[in-house]
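Note sheet for the following structure.
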Amino acid sequence: MQDSLRGVVTNILGRDIFEIQVIGTGPFNENKYKPAQCIRIAGINDPELYPGKPDACRIEKLKDREVRCFIVAMDADGNAVAVVQCIH
């Protein structure tokens, strides 16, 4: 079963990484996560890497939004790599 987190985006830390204040965790999570967890977006189309591409992500639009993160891996820096879904 895949781990999941729910939280509010509090900080944008880079082109594909942000921090959430965790407000909920999946009932069957196998890993422990910090109350303020860094999330790296899996499979992002970065606008700087793909200029003019219509589906390029604008990560700054996530600030203060509630998101659900489906964790696919942990990177070498301890960030959760996740597929991200906006809730509100």
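The values are calculated or read from the model by the stated rules, or taken from the named source; none is laboratory data. Bear in mind the structure is a predicted one, so any value in this text is a computation, not a measurement. Cβ atoms come from the backbone with ideal geometry, glycine included; neighbour counts cover every protein chain shown.
For segment 37-80, a tally of residues being within 29 Å of residue 1 (Cβ to Cβ) and at pLDDT 90 or above returns 23. For the residues 13, 5, the requirement of being of a type in the set (A, V, I, L, M), within 18 Å of residue 59 (Cβ to Cβ) and without any contact (Cβ under 8 Å) to a residue 40 or more places away in the chain singles out 13.
The rows are residues; the columns are (1) modelled with pLDDT under 95; (2) touching a Leu at 6+ places or on another chain (Cβ under 6 Å); (3) closer than 13 Å to residue 73 by Cα.
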residue	(1), (2), (3)
2	yes, no, yes
9	no, yes, no
15	yes, no, no
24	no, no, no
35	no, no, no
